[in-house]
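The block underneath contains the structure these notes are about, expressed in structure tokens.
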Amino acid sequence: MRQFETGIPGLIVVEPEVHGDERGYFMELWHATRYGVEGLPDRFVQANVSRSSGGVIRGLHYQYPQPQGKLVSVLEGSVFDVAADIRVGSPTFGQWAGIELSAGNHRQLYVPAGMAHGFCVLGDSAMMVYMCTAEYNAEADAAIAWNDPDIAVDWPRSPRRMSAKDKNAPRLSAVPEDQLPRFQT
């Protein structure tokens, strides 16, 4: 496994070791010991699968006061995956990073607890899996506007489909600091 820093503390791109031949391939989606040695979580409590059609943008989602870290992988298709640093006290507060994750490149993105996460489906559809460090809590569910001009994510396309929650999410500047996650060193 190789990992790459993104310039945002804790946001890490992971390239798992893939063993392929004429039959296909095998890779470990996650391994507690191997990932733990690399400074990634060695424990997840929930796994989710998401399937989205082409042109969908989801996000930017986060939980507060019960933030989740997420290890995100694409099983089918490709997405432009984005994480925005909304952790109060972070040296990169308000900044974002994005990467293409696909079934072909096998990359993963570890989004640390407290960051907002979203993605744009690049092809006809995409299936993703999220390994989460905390259980989903509907009462802690929150979002920042996908098109917040202060964050200024450079999405590769405009959304063709979007939930009402995402269409109506507030700008980061409209969320009181006491309702945002804190940066943990």
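Of note:
- For the chain, the fraction of C-alpha pairs farther apart than 23 angstrom is 39 percent.
- For the range 2-165, with +1 on Lys and Arg beta carbons and -1 on Asp and Glu, the positive-most of Ile144, Ile99, Tyr35 along the dipole: Ile144
- Positive-pole candidate from Gly55, Cys132, Ile86, dipole of the range 2-165, charges at beta carbon: Gly55
- Dipole magnitude of the chain, debye to nearest 20 (Cβ charges: Lys/Arg +1, Asp/Glu -1, about Cα centre): 380 debye
- Helix-only CD estimate at 222 nm, as mean residue ellipticity for the chain, using -39500 (n - 2.57) per DSSP H run (n ≥ 4): -1000 deg cm²/dmol
- Relative contact order of the chain: 29 percent, from C-alpha pairs under 8 Å at least 6 residues apart in sequence.
- Ranked by the mean number of other Cβ atoms within 10 Å of their residues, highest first, the peptides 59-66, 100-107 come out as 59-66, 100-107.
- Using θ = phi - 60° in the Karplus curve 6.51 cos²θ - 1.76 cosθ + 1.60, the 3J(HN,Hα) couplings for the range 110-124 round to 9, 9, x, 3, x, 8, 8, 10, x, 7, 10, 6, 8, x, 6 Hz; x is entered for Gly and Pro.
- Taken one residue at a time, the phi angles of the range 162-179 give Karplus couplings (6.51, -1.76, 1.60, θ = phi - 60°) of 7, 6, 4, 4, 6, 5, 9, 5, x, 5, 4, 5, 8, 8, x, 3, 6, 10 Hz. Gly and Pro are set to x.
Values quoted throughout were computed directly from the atomic coordinates according to the rules given, and no laboratory measurement underlies them. Quick caveat: nothing in here was measured; it's all calculated off a predicted structure. Quick reminder, even Gly has a Cβ in these numbers, built from the backbone with ideal geometry, and neighbours come from all protein chains shown.
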